[in-house]
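Structure first, then comments.
The values are calculated or read from the model by the stated rules, or taken from the named source; none is laboratory data. Quantities reported herein were computed from a predicted structural model and do not represent experimental measurements. Please note: Cβ atoms are built from the backbone with ideal geometry, for glycine as well, and neighbour counts cover all protein chains shown. Only protein heavy atoms, including side chains, enter the accessible area calculation; ligands, DNA and RNA are left aside. Shrake-Rupley method; radii C 1.70, N 1.55, O 1.52, S 1.80 Å.
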Amino acid sequence: MDFLWLFITYVTFLVVCIFAFCFLSERSRNGLDRVLHRADTVLSLVLPTWLQRRYKSSFQTRNGAFVILHLILDILVFAEYSWEVLGYCLELEMNWPFIFLPYACISVNLYFFYRCCAADPGIVNRKNEASYVQLYEYDSILFHPENQCPTCQLTKPARSKHCSVCGCCVHRFDHHCVWVNNCIGGLNMRYFLIYLISLTLTALSLAAVITAFLLKVVLLSHMMSATFIDPDGLEQLVNMVFIIQHLFMTFPRIVFTLGFLCVLVLLLGVYSAFMLYLGLTNQTTNEWHKLKGRSLAAGSRKGYSKGILGNILEIFQPRTCHKKDR
Ligand SMILES: [Zn+2]
Ligand SMILES: [Zn+2]
């Protein structure tokens, strides 16, 4: 069926794009650097020089390309919602706090998106080096007191890491996020978590309103009890595939937007849950990635956890004092 092939192609394209989103946001620079190095080798053989320069400036140096792409995606989804869905919802007299909820969510999201982009993640420099070294003890597994950053020429505080994109060491380094064009570290992790959760809620509220609108259309048009004549000339009751196909033909952009939002909610939900798990257990993505698959003797690494409440407090009231942790 043409419609199903079209829809499957569309969903596959979305999954690939969103997988790239999660991959670029979540993976540590080490993993990403390896992949980028391999991609470089392949691309240098096939791409013209000007395109190679453009590719390198997008992924390997700090720039706002993905921030702009992020805002364009926001604008496209909300333009479609405001232009088509909202008008229909108002005509059908749907509950107005429900249909305006996505605007409240995106307002919160955009504010924390800005804070993520603009805030200092916890850059270690000569002035604050001594203070940051005092904040966490070295576990002698991932972090060693004698480690110096060869680029910054500074002592590496425990839990910090040098970001090759930003060109500096970052306190309690989590990952470098191309979508906010900034590192996620000890001082802006709170903004990143709220940004991520509010983005998931924005997508969820949009998907919920669009689904409610389409259900209302189906109910008001009595589509469930409608019949059609099949190729053998027999009268048949419409089934779910027929209804979806009919909705797609009647509201193509709205159904496409709903498909995009459903995939986005699923992936953002999984990623948010993962980041919350790391927050509640006081781990960074960098530490989780490095310890993954390493069999450590029981009790050899106690980690930095101070209990669920202590861990939440550490994210929302980040430690910048001179008091020694643990
Ligand atoms: Zn460094
Ligand atoms: Zn960075």
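Selection over the stretch 82-128 of residues that are within 27 Å of ILE194 (Cβ to Cβ), under 29 Å from the mean Cα position of the chain (by Cα) and not hydrophobic (A, V, I, L, M, F, W, C) gives a count of 13. The requirement of being touching a Cys at 6+ places or on another chain (Cβ under 8 Å) and either more than 16 Å from ligand 2 (Cβ to nearest atom) or within 23 Å of SER205 (Cβ to Cβ) (or both) is satisfied by CYS116. The condition of being under 30 Å from PRO102 (Cα atoms) and open to solvent by 10 Å² or more (accessible area, probe 1.4 Å) holds for only one of LEU142, LEU187, LEU206, LEU196, that being LEU187. Screening the stretch 131-215 for strands (runs of 3 or more DSSP E) wholly inside it with 3 or more residues that are at positive phi and within 13 Å of ligand 2 (Cβ to nearest atom) returns no ranges. Count of the stretch 80-97 residues, restricted to those that are open to solvent by 70 Å² or more (accessible area, probe 1.4 Å) and touching a residue at least 60 places away in the same chain (Cβ under 8 Å), is 1. Restricting the stretch 159-174 to residues that are buried (at least 24 other Cβ atoms within 10 Å of the Cβ) and more than 9 Å from ligand 1 (Cβ to nearest atom) leaves a set whose member that is nearest to the chain's Cα centre (by Cα) is ASP174. Exactly one residue out of ILE229, ILE254 is surrounded by fewer than 16 Cβ atoms within 10 Å (Cβ to Cβ) and of a type in the set (Val, Ile, Thr): that is ILE229.
ILE75 passes every criterion in (1) in contact (Cβ under 8 Å) with a residue 40 or more places away in the chain; (2) within 26 Å of HIS176 (Cα to Cα) apart from (1).
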